[in-house]
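Participant: Here it is: the structure, laid out below.
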Amino acid sequence: MATDKKVFYATGRRKTSAARVFLRPGTGKVMINGKAAEAYLETPAARASALMPLQITDTQKQFDAQISVRGGGITGQAEAIRHGVARALVAADLEHRGTLKKAGFLTRDSRMVERKKYGLHKARRSTQFSKR
């Protein structure tokens, strides 16, 4: 890491995914787990979701993002990245807080998978009922 440039760090989480986001002033290059964002997040919806905070605050070309994400699936990882990028943008400039808060990107989505209970097939799915 270069010491002459300021680095903004934040963590984003969603379901079982956790993303560590490092924002540096730059030209808009986004690397996720050592790959370009287009290569790592192959679906356009996941890519758009992950990079939405940069679009809303109009800072796509102002920061380079170095992101490492672990756990979960594609959607959970994309939303964890979105949460982390939003938090890092607020760390970079507090003026972005109102815009990102209104869009709902600073709120940690606490919904998790419900655990399976004994005696049931799934978390809530019971056995088939027959009257006779």
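The values are calculated or read from the model by the stated rules, or taken from the named source; none is laboratory data. Keep in mind it's a predicted model, so treat the numbers as computed, not measured. So basically every Cβ, Gly included, is an ideal-geometry build from the backbone, and we count neighbours across all protein chains shown.
Participant: From the list Arg24, Arg13, which residue is farther than 22 Å from Gly76 by Cα and touching a residue at least 12 places away in the same chain (Cβ under 8 Å)?
Facilitator: The unique qualifying residue is Arg24.
Participant: Keeping to the range 27-53, report how many residues are in contact with a strand residue (DSSP E or B) (Cβ under 8 Å, 6 or more places away or on another chain) and charged (D, E, K, R).
Facilitator: 1
Participant: Let me ask another. All but one of (1) surrounded by fewer than 17 Cβ atoms within 10 Å (Cβ to Cβ); (2) in a helix (DSSP H, G or I); (3) not acidic (Asp, Glu) hold for Lys61; which doesn't?
Facilitator: All conditions pass for Lys61, except number (2).
Participant: Just to check your reading of the model, which residue among Arg47, Arg82, Arg20 is surrounded by 14 or more Cβ atoms within 10 Å (Cβ to Cβ), in a strand (DSSP E or B) and charged (D, E, K, R)? Explain how you work it out, then say what you get.
Facilitator: Details: Arg47 fails: in a strand (DSSP E or B); Arg82 fails: in a strand (DSSP E or B).
Only one candidate qualifies: Arg20.
Participant: Does Gln77 qualify as being at pLDDT 95 or above and either outside any helix (DSSP H, G or I) or surrounded by 18 or more Cβ atoms within 10 Å (Cβ to Cβ) (or both)? Spell out how you get there, then give the answer.
Facilitator: On the way: at pLDDT 95 or above: yes; either outside any helix (DSSP H, G or I) or surrounded by 18 or more Cβ atoms within 10 Å (Cβ to Cβ) (or both): yes.
Yes; evaluated as a whole, the condition is true for this residue.
Participant: Give me a count of the residues in the range 6-17 that are surrounded by fewer than 18 Cβ atoms within 10 Å (Cβ to Cβ) and polar (S, T, N, Q). Full working, then the answer.
Facilitator: Filtering the range 6-17 down to residues surrounded by fewer than 18 Cβ atoms within 10 Å (Cβ to Cβ) leaves 6-7, 9, 11, 16.
Then drop every residue that is not polar (S, T, N, Q), which leaves 11, 16.
Total meeting the criteria: 2.
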